[in-house]
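A quick write-up on the structure given underneath.
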């Protein structure tokens, strides 16, 4: 299984220090929650991890290799950073088949991920008619095509109803139980409290906390109190 290491990541946009000397580890067998207020640098960090933004300094590696050095990147890492990837005129099944072929995955995985994400009933509907929650499920299905060792998700509960949030929790915790690595950015602290093993909190682009959830909450009345204290959020 694969460990994600971020070491000394730093990124500046003009006069703004988006991320400063950020070091963290997302380990196999754990759901690592990545928390911070709006503008804290979470999305920038995830994009640096996936090679979409070049850091000014530092490195992001998967068992020692940068994302663009991985021989089969989508077999190692599955990512959902936004919902812009599916053409509205395509059906879900067609979208997944195209992505499977482009990424070198067995097309038989399409039926599996449709079932795993609860989209089998809507597989032949056009994506343009999907709700936000269904598009979230399709984005996750796309990320799972390669059955990757690592999942990197940015706000995956957006648009999901309570049943969808519970379903997602089971997906993430099940993958962690099977030795996979899960790094998930979220503002839903009540959900994080139910699913996370480790917690990373950043504020103003700097690391504020990195460790087991139970150690964080031992010193605070709730995860919300811990977050507001550590992140400096008003």
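Quick note: the coordinates plus some simple rules give every number you see, no bench work behind them. Given the structure is predicted, the values throughout are model-derived calculations rather than measurements. Cβ atoms come from the backbone with ideal geometry, glycine included; neighbour counts cover every protein chain shown.
Annotations for the structure displayed:
- In the chain, the longest principal axis of the Cα atoms and the axis of helix 92-103 are about 70 degrees apart.
- Approximating the spin labels as points 7 Å out from Cα along Cα→Cβ, the residue 121-to-residue 218 distance works out to 4.5 nm.
- Spatial extent of the stretch 163-227: Rg and Dmax, with the Cα atoms as the point set, Å: 12.3, 34
- Here the average projected area of the convex hull drawn through the C-alpha atoms of the stretch 118-196 stands at 5.3 nm².
- Theoretical ellipticity at 222 nm over the chain - DSSP helices of four or more residues, -39500 (n - 2.57) apiece, nearest 500: -10000 deg cm²/dmol
- Acute angle (nearest 10 degrees) that the helix 132-143 long axis makes with the longest principal axis of the chain, alpha-carbon atoms: 90 degrees
- Cα principal axis extents for the stretch 51-154, largest first, Å: 44, 26, 19
- The stretch 1-49: Rg to Rh, with Rh as the Kirkwood radius over Cα pairs: 1.00
- Overall dimensions of the chain by Cα: Rg and Dmax, Å: 17.5, 51
- Taking every DSSP beta bridge that has both ends in the chain, the antiparallel portion is near 55%.
- Beta bridges per DSSP, both residues in the stretch 107-230: antiparallel share near 55 percent.
- Nearest-0.05 FRET efficiency for residue 5 and residue 68, computed from C-beta distance (R0 22 Å): 0.90
- Principal axes of the stretch 1-88: Cα extent on each, largest first, Å: 37, 37, 24
- Convex hull volume of the C-alpha atoms in the stretch 98-144, normalised per residue: 71 Å³.
- The stretch 185-234 versus the stretch 109-151: alpha-carbon centroid distance in Å: 29 Å
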